[in-house]
1. Report the extension gain between residue 52 and residue 17 in nm, rounded to one decimal, defined as 0.36 nm multiplied by the number of residues separating them, less their alpha carbon distance.
2. Distance from a point 7 Å along Cα→Cβ of residue 29 to each backbone N in segment 41-59: keep the residues under 15 Å and list them by number.
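Values in this text are rule-based calculations from the coordinates and carry no lab data. Here the structure is a predicted model, which is why all the values come from computation and not from measurement. Reconstructed Cβ throughout: ideal geometry from the backbone, glycine too, with neighbour counts over all protein chains shown.
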C-alpha cells in the first residue's frame, strides 16, 4: 500500500488492525526510483492481506487517504 505521507500510512496501518484483524502491518518510507529529494519519498504500509478480506474495501480506504494498492500479484 502506497500513501503520500506518514500520518496517512499510520492511520491505514491502525485501520488494518482494527477493522480487518491484520497483525503487525509495517510503515516504512520508500524513495521513488530516480528521485533525489527525500521530500518526494512515499510511505508504504507492508502487510499480507488474507484472501477473505474485501479488496475493494481496502482500496476505498486507501483512496480516501490518497493512496493505492501495489503488489497484488506477488
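1. Gain on extension, residue 52 to residue 17, equals 11.1 nm.
2. Answer for segment 41-59: 41-45.
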